[in-house]
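Notes for the one structure printed next.
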Amino acid sequence: MIIDIYKHYIFDYLDLLSQIRLLATCWTFRNELDMTDMYNIDDKYKYRLTQTVIDKYINLKKLDISLNPKITNVNHLVELEILNASGSRCRMYDTGLVYCINLKDLNA
């Protein structure tokens, strides 16, 4: 099926803006495709990330919130593997990481 082709071969190779636009085109894409990488995104998008935005993407595996004071809790991201929460403006504390049991790489 076409959704399998997008899921396994195309979606992960798109940049963030292209992923968002693709998800907005079709109800099936929105429900079947999961955004998993918010680590390798442009700085202009990193600064726009907020707690509300992060709360919508529960299947994230990679996240960069360095220098972002708007995000304080990632406990709902159980599948998170890589997290960059470095920088003096970052407001992430231990209580915001308690349920991230799959973390392999943490930069704080």
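Laid out as a table, the results:
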| item | result |
| --- | --- |
| Computed helical MRE - 222 nm, the chain, DSSP H runs ≥ 4 contributing -39500 (n - 2.57), nearest 500 | -6500 deg cm²/dmol |
| The range 35-108, dipole about Cα centre (Lys/Arg Cβ +1, Asp/Glu Cβ -1), debye to the nearest 20 | 260 |
| Phi to ³J(HN,Hα) by Karplus 6.51 cos²θ - 1.76 cosθ + 1.60 over the range 92-108, Hz, x for Gly, Pro | 7, 10, 4, 5, x, 10, 4, 8, 7, 7, 9, 4, 10, 9, 10, 10, 10 |
| Nearby lysines by direct alpha-carbon distance to Lys46 (threshold 19 angstrom, same-chain neighbours under 8 apart not counted) | Lys56, Lys61, Lys62, Lys70 |
| Charge-dipole axis of the chain as Lys and Arg at +1 and Asp and Glu at -1 on Cβ define it, positive-most pick from Phe29, Leu83, Leu67 | Leu67 |
| For the chain, diffusion coefficient by Stokes-Einstein and Kirkwood Rh (Cα), 25 °C, 0.890 mPa s, µm²/s | 170 |
| Nearest 10 degrees, 0 to 90: helix 16-25 Cα axis against the chain principal axis | 50 |
| Those trypsin sites (Lys or Arg not before Pro) in the range 50-108 that DSSP places in a loop and that have at most 11 other beta carbons within 10 Å | Arg89, Lys104 |
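Read-outs throughout are calculated quantities, based only on the coordinates presented, and are distinct from any laboratory measurement. All values reported here derive from a predicted model rather than from experimental measurement. Every residue, glycine among them, receives a Cβ derived from its backbone with ideal geometry; neighbour counts consider all protein chains shown.
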